[in-house]
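One structure below.
The values are calculated or read from the model by the stated rules, or taken from the named source; none is laboratory data. Not measured: the values here are computed from a predicted model. FYI the Cβ positions are ideal-geometry reconstructions off the backbone, even for glycines, and counts take in every protein chain you see.
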Amino acid sequence: MMSEPAQLPPRLGELHAWARRQSWLGRFTLMNRLLLAMAFIPTGLVKATNQRFTLLPVENPIGFFFEAMYQTGPWWVFIGCMQVLAGVFLLIPATSTLGALLFLPIGVSIFLITWGVGFGNTVIVTGGMLLAVVYLVCWDADRIWAAASLVLGRRRGPPLLAGAHIVEKAGWIIGGLTGLGFFLGTRGFTPRGWYGTLFFIGLGAIALVVIGWVLGALSSRRRPATAGHR
């Protein structure tokens, strides 16, 4: 049976309910949704239709940045499509919560880009946009909380290694840690001198997985026979 969606913690829930009852905050919410949609749908359409965002030369750091993004092609179009989609979702009451959630990573990314690349006073505008998105997420906090509780509280199937032999489980753990250590080495986070050792440990982990798999299969075949003699 599916569990009931959880409600916000008492004090937070009371504050949220009070805010939702304020008509002026409701109008402020509508204003934020409209402004974000107006800001992102046109600019998103530029990207979605695979057009350049600016005419600044590549010698300019901002122009170089946008030209590099434009040259990615499908990724540039994808960013634009997501901006348009999020903007349209904000305009529809039934999907406004999803629109706010879609805009959250978009808003954070744009703010950090304008801050890091050096867009001057534009960072103030993008910072305001990010605050607007955060406000909209807070406005729909009850819906987001309830949806998250349903997803996280839903009963899941058995674990991936349910019934696996302990030897096989050990092999997967050792193999995962060994592979992580190897790829950390490719980025300079672990000594390259460990490669040889990690390689042989990885081979041992593969052997453990195979041996544990065989042992688990053999033990599962013996269980019905043992139960039949009782």
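Here are some notes:
- Within region 97-117, residues that are surrounded by 18 or more Cβ atoms within 10 Å (Cβ to Cβ) sit with their Cβ atoms under 6 Å from residues that are polar (S, T, N, Q), at 6+ positions apart or across chains, in these pairs: I110/T126; F111/T126; T114/T122; T114/T126.
- Counting the residues of region 36-60 that are among the hydrophobic types (A, V, I, L, M, F, W, C) and closer than 9 Å to G87 by Cβ gives 6.
- Any hit, region 107-126, residues being in contact with a Pro (Cβ under 8 Å, 6 or more places away or on another chain) and at pLDDT below 90: yes
- Hey, V84 within 26 Å of R143 (Cβ to Cβ), hydrophobic (A, V, I, L, M, F, W, C) and in contact (Cβ under 8 Å) with a residue 12 or more places away in the chain or not: yes
- Residue match in region 139-153 (condition: assigned by TED's automatic domain parsing to the domain that holds R33, more than 26 Å from F53 (Cβ to Cβ) and touching an Asp or Glu at 6+ places or on another chain (Cβ under 6 Å)): no
- V134 vs. criteria assigned to a helix (DSSP H, G or I) and either at pLDDT 95 or above or exposed (fewer than 13 other Cβ atoms within 10 Å of the Cβ) (or both): yes
- Restricting region 174-230 to residues that are part of a helix (DSSP H, G or I) and basic (K, R), the residue that is modelled with the highest pLDDT: R192
- Flag if S219 is touching a His at 6+ places or on another chain (Cβ under 9 Å) and either under 30 Å from E14 (Cα atoms) or among the hydroxyl-bearing types (S, T, Y) (or both): yes
- Matching entry among A37, A68 (being surrounded by 14 or more Cβ atoms within 10 Å (Cβ to Cβ), in the same structural domain as L136 (by TED's automatic domain parsing) and of a type in the set (G, A, S)): A37
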